[in-house]
Amino acid sequence: MKKEDCIFCRIAGGEIPSKTLYEDRDFRVILDLGPATRGHALILPKEHAENLYDLPEEAASKVLLLAQKMARIMVEKLHCDGLNLVQNNGEAAGQTVHHFHLHLIPRYVDDGQAINWKPGKPSQEELDATMKTIVE
Ligand code: 5GP
Ligand code: ZN
């Protein structure tokens, strides 16, 4: 299903033009308009899903294979030195467009970007409590 008011549905469906790097029946891969680095791309499923939690399993299983294919192309063509996959779910996680997308961010030595977090220092007890909360 497409969502009328969803910009990524309109881009993925070709209604709004984009710098398309790859397209198949299920996905379109486009250049990000506000790239972190040269070649920053987004994998968009053509079917609307707001986030990872809502993404159908079939699309979820295909998306990493496509990321791998695009990553190999980027390394070969852009000669990037590394590559980050970033995928934000929810505003607290930095999601600004509420149609699932996977960022492919080529990295270059000294590109000045940082995809980072401050490591915490939990005690063993805190780690145990967190583990139990998740697995039990
Ligand atoms: P988010 O923060 O939701 O994970 O990432 C949204 C990304 O979409 C941002 O990197 C932003 O630059 C990109 N973006 C937003 N609107 C458009 C658009 O209309 N076209 C393209 N190509 N990228 C967009
Ligand atoms: Zn959408």
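The values are calculated or read from the model by the stated rules, or taken from the named source; none is laboratory data. Everything quoted here is computed from the prediction, not taken from an experiment. Glycine also receives a Cβ, built like all others from the backbone with ideal geometry; neighbour counts cover every protein chain displayed. Surface accessibility is based on the protein's heavy atoms, side chains included, excluding ligands, DNA and RNA. Shrake-Rupley method; radii C 1.70, N 1.55, O 1.52, S 1.80 Å.
Within the set ASN88, ASN51, the sole residue that is closer than 22 Å to TRP117 by Cβ and touching a residue at least 24 places away in the same chain (Cβ under 8 Å) turns out to be ASN51.
Would you point out the residue of the stretch 1-28, among those that are in contact with a strand residue (DSSP E or B) (Cβ under 6 Å, 6 or more places away or on another chain) and near ligand 2 (Cβ under 9 Å from one of its atoms), that is least open to solvent (accessible area, probe 1.4 Å)? Only one residue fits best here, namely ALA12. Applying the set (1) open to solvent by less than 100 Å² (accessible area, probe 1.4 Å); (2) more than 14 Å from ligand 2 (Cβ to nearest atom); (3) in contact (Cβ under 8 Å) with a residue 24 or more places away in the chain to LEU31 leaves exactly one unmet item: (3).
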